[in-house]
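Have a look at the structure below, then the notes.
FYI, it's all coordinate maths here, none of it is from the lab. Please read all numbers here as calculations on a predicted model, not as lab measurements. Glycine also receives a Cβ, built like all others from the backbone with ideal geometry; neighbour counts cover every protein chain displayed.
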Amino acid sequence: MPQLFIGNKNYSSWSMRAWVLMRQAGIEFEEVMLRFDGFNADSQFKRRLAQISPAAQVPVLVDGAVTVWDTLSIAEYLAERYPDHQLWPEQAAHRAHARSICAEMHGGFSALRSACPMNIEAHLPEVGALIMRDKPAVGRDLQRIVTMWSELLSQHKGPMLFGKFSIADAYYAPVVMRLRTYALPVPPEVSAYMERVKQLAGVNAWIEGALREHDFLDFEEPYRLK
């Protein structure tokens, strides 16, 4: 059975992508959670992870003799390893579009990711209001996401971005968590999509796990005191 190494569910957005993809698609795996205790080379987290992956970052998928790191690489590996699960959209043009928006998430939206770190347990609407007032780059990132999701939902008629659940929805699930935590403003059709993502069995299971952690890490908490 493959092993998936992840970080804290409350904070680790990259871990969430791979975990939700596998759980929602019905791919069996063993979860190995490595608690964040810091990100310096001498932290227990980094020392343990360096034994598994040269990048020493989560998530990491170990499938027999194969070790795959980086969320997008894991998604591509799983799509090849489990073709019957149809993790990418069926049509070639739609697959290309889905890959493009995943790559855009992978390398973009730095303002949103920096100002609004994933924190599933927290509810910070007042922080979100200040961010929208003071950080115009976050507003631009948000508008791009709203436009992207709205266009895809209109084109494919939902309920997910490309009709059926795909890698793209798993990839943007942590963004849904960020928008919810900071109560960033979105139109009704986007809010409805966010609720559908939240209700996915894989996403719901991740949220429940995050809420059970009760592990306050001050270096992951720019806005709250313990």
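Here are a few things to note about the model shown:
- Derived scalar couplings ³J(HN,Hα) [region 14-23; Karplus, 6.51 cos²θ - 1.76 cosθ + 1.60; whole Hz; x for Gly, Pro]: 5, 4, 4, 4, 5, 4, 5, 4, 5, 5
- Å³ per residue enclosed by the Cα convex hull of region 92-209: 94 Å³
- Rg/Rh for region 21-72, where both radii come from Cα atoms and Rh is the Kirkwood radius: 0.99
- Evaluating kT/(6 pi eta Rh) at 25 °C and 0.890 mPa s, with the Kirkwood radius of region 174-226 over Cα pairs in the Stokes-Einstein relation, gives 194 µm² s⁻¹.
- Spatially proximal lysines relative to K46 (Cα-Cα < 29 Å; intrachain offsets below 8 disregarded): K9, K226
- Peptide ranges 108-116, 206-214 listed from the most packed, as the mean C-beta count within 10 angstrom indicates: 108-116, 206-214
- The alpha carbon centroids of region 19-72 and region 90-125 are separated by 19 Å.
- Note on the chain: Cα Rg divided by 2.2 N^0.38 Å, N the number of residues, gives 0.99.
- Dividing the radius of gyration of the alpha carbons in region 61-120 by their Kirkwood radius gives 1.05 for Rg/Rh.
- In sequence order, calculated HN-Hα J values of region 74-80 (Karplus, 6.51, -1.76, 1.60; Hz; x Gly/Pro): 4, 4, 5, 4, 5, 4, 6
- Here is the P(r) of region 111-152: all C-alpha pair distances, binned every 10 Å from 0, give 27, 50, 23 in whole percents.
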